[in-house]
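Values quoted throughout were computed directly from the atomic coordinates according to the rules given, and no laboratory measurement underlies them. Everything numeric here is computed off the predicted structure, so don't read it as measured data. Please note: Cβ atoms are built from the backbone with ideal geometry, for glycine as well, and neighbour counts cover all protein chains shown.
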Amino acid sequence: MSETASTPVQLTRKPHKPKSVPAPGAGKTACIRTFGCQMNVHDSDRMRRMILDAGYAEVPRYEDADLVILNTCYVRENAVDRVRGHLGELTRLRREGRLKKVALAGCIGAAEESETLRRQFGIDLVLGTHNTYELAEFVGLPTMEETYTPELPGTEGDHSSFVTIMTGCNYQCSYCIVPTVRGRMVCRSKESILGEVDRLVAGGTGYVTLLGQTVDAWRQDGERFCDLLEAVSERAPRVWFTTSHPSNMEDRTLRAIGERDTIVERLHLPVQSGSDRMLKVMHRGYKAERYRRKIEIFRESAPEGTLSTDIIVGHPGETEGDHEETLRLVEDCAFDSAYVFKFSPRDGTEAATLGEPVAPEVAQRRFVEVLRAVEGNALSRNRRKVGGVEEVYVRHGANEDGRAVGETWTGHAVHLRTDASPGEYVRARIDSAGPHALYGSVLPDGTG
Ligand code: SF4
């Protein structure tokens with residue numbers, strides 16, 4: 001049996017309101033502040049849709065808002081302290097009569113600390129990650145029942161949209177709080193996902209990112225992630241997915257990345273450590289050699305594609321030998337980028353109970369060594385692109401310096417001067433390269 005939800009309850013995209021009745025939030029303002037990962041960015045989009053439907057206008061500053069929603073992350077060190085700082089500021093504004101209501105959402109909303117925070121700061125609404133829909137009622141919309149996956153489109157009409165295909169996680173990595181705050185994996189039905197993709201594309205979305213904590217673990221009635229990815233790649237003009245888990249990553253998915261014209265040749269596959277001993281301590285469920293084999297297939301499938309990963313240094317028990325194995329793996333895989341984290345214990349995780357952490361100065365040295373190794377590889381790989389011509393998808397339009405940021409079909413970030421809008425493609429020559437990005441200039445139409 002696949003782990004899918006019961007039949008999703010179809011929500012109306014825009015609740016119908018009798019014409020003569022003003023929207024419940026008409027004339028009010030709301031500010032949403034998002035912390036953390038892309039799942040949170042996506043959840044914020046859904047909440048934004050609800051407040052806009054209720055008639056609120058969105059404002060960027062706390063002091064201009066009637067309602068502030070903090071959509072929080074629990075993963076990084078000091079996450080709760082950071083949110084406390086924001087809540088303190090909001091309490092002050094409320095005392096001055098400049099703010100009316102505060103909602104706490106996201107991973108901290110789902111964690112035990114939320115009750116203490118609610119009492120301490122008089123928070124009006126606390127939402128976990130599974131009941132975001134309750135915000136609808138709070139802002140005056142008809143109560144909406146919602147399954148784990150939203151039927152509310154997130155960023156419909158925008159040039160680029162996230163589509164959540166699964167939530168939660170069935171792994172129990174030693175250092176990770178996600179299974180506690182987001183629960184076990186639940187997959188959204190293929191029908192519902194493809195329906196949303198079709199609506200988004202019809203509404204002008206040119207780039208769809210499939211989203212999930214372990215996105216490649218998606219399955220339904222004998223179909224697996226690759227089947228879904230192929231179906232989406234036939235409907236959307238540009239597709240990417242994140243975050244994957246090495247144990248779920250099938251060879252055929254890696255091959256599809258190279259074969260399918262609409263899939264961006266960019267793979268984010270967190271490895272965390274190059275040492276089998278540490279991978280076991282972390283409960284990652286694979287060995288370094290298996291990870292290397294996956295990467296070989298990806299490189300064969302998409303030789304110019306970009307590969308990124310997550311690495312944790314200084315996990316309790318990590319020896320110098322373990323660290324050297326991580327450095328060896330970094331060399332072998334030649335990552336194009338990596339998110340390198342120094343271990344920090346999270347309450348409620350197994351790693352927080354594993355005894356003496358690695359000394360801070362040792363963790364710092366290992367952090368720098370891994371980062372340098374990644375950047376060295378990335379720079380030499382990026383330099384190979386210099387002089388080439390690339391089709392670049394504009395992700396962020398020009399800033400005040402006139403520089404826009406785009407992405408090649410191989411997943412490289414490109415900084416370039418253009419007044420093209422987000423979602424448009426330009427042809428650019430790559431002039432130079434750094435460890436994190438390429439720098440290009442747009443070619444006149446039809447050249448290159
Ligand atoms: S796979 Fe591990 S690190 Fe990723 S969300 Fe699940 S428990 Fe956390």
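Odds and ends about this structure:
- Evaluating 6.51 cos²θ - 1.76 cosθ + 1.60 at θ = phi - 60° for every residue in the range 309-317, the Karplus couplings come out as 8, 10, 9, 10, 10, x, 4, x, x Hz, glycine and proline recorded as x.
- Residues whose amide H lies under 5 Å from that of LYS101, counting only those 5 or more places away or on a different chain, are LEU67, VAL68; hydrogens are built 1.01 Å from N in the peptide plane.
- The chain: relative contact order in percent, alpha carbon pairs under 8 Å with at least 6 residues between: 11
- Cβ-defined net charge surrounding THR319, 15 Å radius [Lys, Arg +1; Asp, Glu -1]: -3
- Extension gain, SER432 to VAL41, is 137.6 nm, computed as 0.36 nm per intervening residue step minus the present C-alpha separation.
- Annotation: aspartates and glutamates with alpha-carbon distance below 14 angstrom to LYS385 (same-chain offsets under eight excluded): GLU304, ASP336, GLU407, ASP431.
- Separation of alpha-carbon centers, the range 55-119 and the range 372-448, rounded to whole Å: 37
- Computed from label points 7 Å out along Cα-Cβ, the spacing between THR91 and ARG33 is 1.4 nm.
- On full extension, the segment bounded by GLU223 and GLU331 gains 35.4 nm, given 0.36 nm per residue less the C-alpha separation.
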